[in-house]
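Undergrad: Questions regarding the structure given below will be posed in turn.
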Amino acid sequence: DGTNYLTWSKACMLSIRAHKLAGYLTGATTRPTNGDRDAEEKRSSEDSMVMYWLVQSIEPSLSKQYIALNIAKDVWDTIADIRKECCGFSQGWLSLVEYYFKLTYMW
């Protein structure tokens, strides 16, 4: 929900590691290149399962924007990027209105 990212990300990673599927978040698990349909189906199924776990663990009002992403790593990376951007964001040279709209958009 924006206030518990560190706890959420650690809990998600622990759960996904327990299922031996962390490669879907780290990028270590890649698509099979040999055209093996069974391997591709297994990879797609596991990635979908990890993505489902992530989306289900997010506040329902926020999860809608992540369900449209294609793979679990995209969900994981997007949430991490938004957190980084929010933490380092300041008004700087933006007008108050621009700053407000950007904060609202990021939230």
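The values are calculated or read from the model by the stated rules, or taken from the named source; none is laboratory data. Source: prediction; values computed, not measured. Cβ coordinates were reconstructed from backbone atoms using ideal geometry, including for glycine residues, and neighbour counts include every protein chain displayed. Just the protein is used for accessible areas: all its heavy atoms, side chains included, with ligands, DNA and RNA removed. Shrake-Rupley method; radii C 1.70, N 1.55, O 1.52, S 1.80 Å.
Undergrad: Using all Cα-Cα distances in the stretch 31-85, what percent lands in each 5 angstrom bin from 0 up to the longest?
TA: Reading upward from the zero bin: 4, 20, 24, 21, 13, 10, 6, 2.
Undergrad: Only Cα pairs under 8 Å and at least 6 apart count here; give the relative contact order of the stretch 17-76 as a rounded whole percent.
TA: 38
Undergrad: Please work out which option in (i) 3, 14, 23, 24, 18, 11, 6, 2, 0; (ii) 2, 11, 20, 20, 16, 11, 8, 6, 4, 2, 1; (iii) 2, 12, 24, 27, 21, 10, 3, 0 gives P(r) over Cα pairs in 5 Å bins from 0, in percent calculated from these coordinates, and answer with its label.
TA: Derived directly from the coordinates: (ii).
Undergrad: What is the calculated FRET efficiency for residue 56 to residue 102, with r their C-beta to C-beta distance and R₀ = 35 Å, to the nearest 0.05?
TA: 0.75
Undergrad: Taking the Cα centre of the chain as origin, work out the dipole magnitude from +1 charges on Lys and Arg Cβ and -1 charges on Asp and Glu Cβ, in debye rounded to 20.
TA: Its charge dipole is roughly 220 debye.
Undergrad: Enter the accessible area per residue of the chain (Å², integer; probe 1.4 Å; all protein chains in place).
TA: Spelled out: the 1.4 Å probe surface of the chain, per residue, equals 72 Å².
Undergrad: Relative contact order for the chain using alpha-carbon pairs under 8 Å, separation at least 6, rounded to a whole percent?
TA: 26 percent.
Undergrad: Would you mind putting 59-66, 16-23, 29-36 in packing order, based on average other-beta-carbon counts within 10 Å, highest first?
TA: For the peptides 59-66, 16-23, 29-36, the packing ranking is 16-23, 59-66, 29-36.
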